[in-house]
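One structure below.
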Amino acid sequence: MAAHDPRDADSRSAWDALPEQRRTVLLRRLGPRLGEQGVRDRVAGAAQSTCRWRWMRVHLGDPWAVPGDDGLFHLAVGDVVVCSRVSPERTTTTLSDTCHPRRRRFYRLAGSTGPGAGIRTVDWTVTFVGAPVPPNDVPPGSRCVYPSGRSDWPPYVDNRTALGRIRRTLIDLSAGRCQACGLRIGVAVDHDHDTGRVRGLLCSHCNAHVDTCPHVDGCPWADYLAAPPAAPLDLFYPRHDRRLRPRRPRSDR
């Protein structure tokens, strides 16, 4: 008779403690790389590990946007303009950016081939002009986007679209912060990809990794998944397949 491995019992116990929907998502996200048993083992060993929800830099302070004479708005957090790391009280600064052919405001370099083709670093001098404005009001095309900058800018709120109105509701609910880690600016409307139900407003890091959390509880990501902050609002992600949405009773329409 084969010897009993206590790790098998631990794996089954921890696995069974996860809601079925979370087990399905973990297998979908991690199964191709780890296999089913590997996913179970990760869940069983979760008590000895922590999710990387604190990862990435955190800019402290309230964000605002400073207009520049280059036609763009530059993000400031606290007393620092993030893209140049200088105080906005300085009226002139030198900014750096990377030109890439897939970014719409930059041009493709003629005759460039091979790895890294079409990429060039550009420096330019900017003078800050005009009064600062709320960063949520600055359209994406008018923002200075530096490397990793898309994760620092608050989401643009366009009340003309269904997604924009949902984003505004979540910003009002969360004060613009990520509703999972609470450390960074919330930029993404997170939703359940099976049901389409909106779960909350997340920073880019949490939005990319929250569904890989193997913990049952005791982790900000696990707590977020167990009780999504936006669940009481009964919102659905606009671009999700409408056929998968449960029909509401006529009395609620």
Flagged in region 64-80 as modelled with pLDDT under 80 and either closer than 15 Å to P154 by Cβ or assigned to a strand (DSSP E or B) (or both), in numbering order, are V77, G78, V80
Matching residues in region 178-210 - criterion: being of a type in the set (D, E, K, R) and surrounded by fewer than 18 Cβ atoms within 10 Å (Cβ to Cβ): D194
Return a yes/no flag: does region 38-56 have any residue that is at pLDDT below 70 and under 24 Å from I185 (Cβ atoms). yes
Being closer than 27 Å to S13 by Cα and touching a strand residue (DSSP E or B) at 6+ places or on another chain (Cβ under 8 Å) narrows it down to one residue among P228, P220; which is it? P228
Of (1) in a strand (DSSP E or B); (2) without any contact (Cβ under 8 Å) to a residue 12 or more places away in the chain; (3) of a type outside the set (S, T, N, Q), V189 satisfies all except one. Which? (2)
Being farther than 17 Å from V25 by Cβ, touching a Ser or Thr at 6+ places or on another chain (Cβ under 7 Å) and not assigned by TED's automatic domain parsing to the domain that holds P32 narrows it down to one residue among G186, G182; which is it? G186
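The values are calculated or read from the model by the stated rules, or taken from the named source; none is laboratory data. Everything numeric here is computed off the predicted structure, so don't read it as measured data. Note: ideal-geometry Cβ built from the backbone for every residue, glycine included; neighbour counts use all protein chains shown.
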